[in-house]
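Working notes, beginning with the structure itself.
Computed from the coordinates by the stated procedures, all read-outs in this text should not be read as laboratory data. Just so it is clear, the structure is predicted and the values come from calculations on it, not from any experiment. Cβ sites come from the backbone with ideal geometry, for glycine too, and all protein chains shown count toward neighbours.
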Amino acid sequence: MDHAASLRKHPLSLYPRWRVKTETFSEAKMKELLGMLTPETCQVQLVAKPTSIPFVADRTEKWMGVSYRVEPFSQEQINCWTRVSENPLISYPRRNLFIPDSLGLHGLRFLLFPSPLLQ
């Protein structure tokens with residue numbers, strides 16, 4: 001969805017909260033997202049000085065006159081990336097006990113220390 005079009009539907013005070021900020025973590029949603037990131041659906045952009053790349057840009061962007069090249073991945077590259085196994089060194093971080101699950105105020109259910117009586 002386009003950011004500019006979305007600004008008409010939501011108050012600016014909530015931007016970018018409604019657009020890009022997540023309030024909760026869902027492992028299932030994260031796995032669903034990662035499942036969509038495949039070699040067949042990715043796009044790689046290389047930004048470099050023309051003298052440092054091993055090919056010649058054969059197209060020119062019409063607004064700024066920037067030279068570029070579009071080149072599909074070979075089937076060999078896609079097959080190589082598809083066969084990659086999971087890295088056991090990459091995982092979700094452990095739960096941080098010092099970060100609360102809720103920032104709401106709760107009533108005091110019990111006292112840890114008895115209050116002194118003032119006379």
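When peptides 53-63, 71-81 are ranked by their average number of other Cβ atoms within 10 Å per residue, the highest-first order is 71-81, 53-63.
Relative to the current alpha-carbon distance between residue 99 and residue 70, full extension at 0.36 nm per residue lengthens the span by 5.9 nm.
The phi-based Karplus calculation (6.51 cos²θ - 1.76 cosθ + 1.60; θ = phi - 60°) puts the 3J(HN,Hα) values of segment 31-37 at 5, 5, 4, 5, x, 7, 8 Hz, whole numbers, x for Gly and Pro. Panel order for 31, 49, by other beta carbons found within 10 Å of each beta carbon, from fewest to most: 49, 31.
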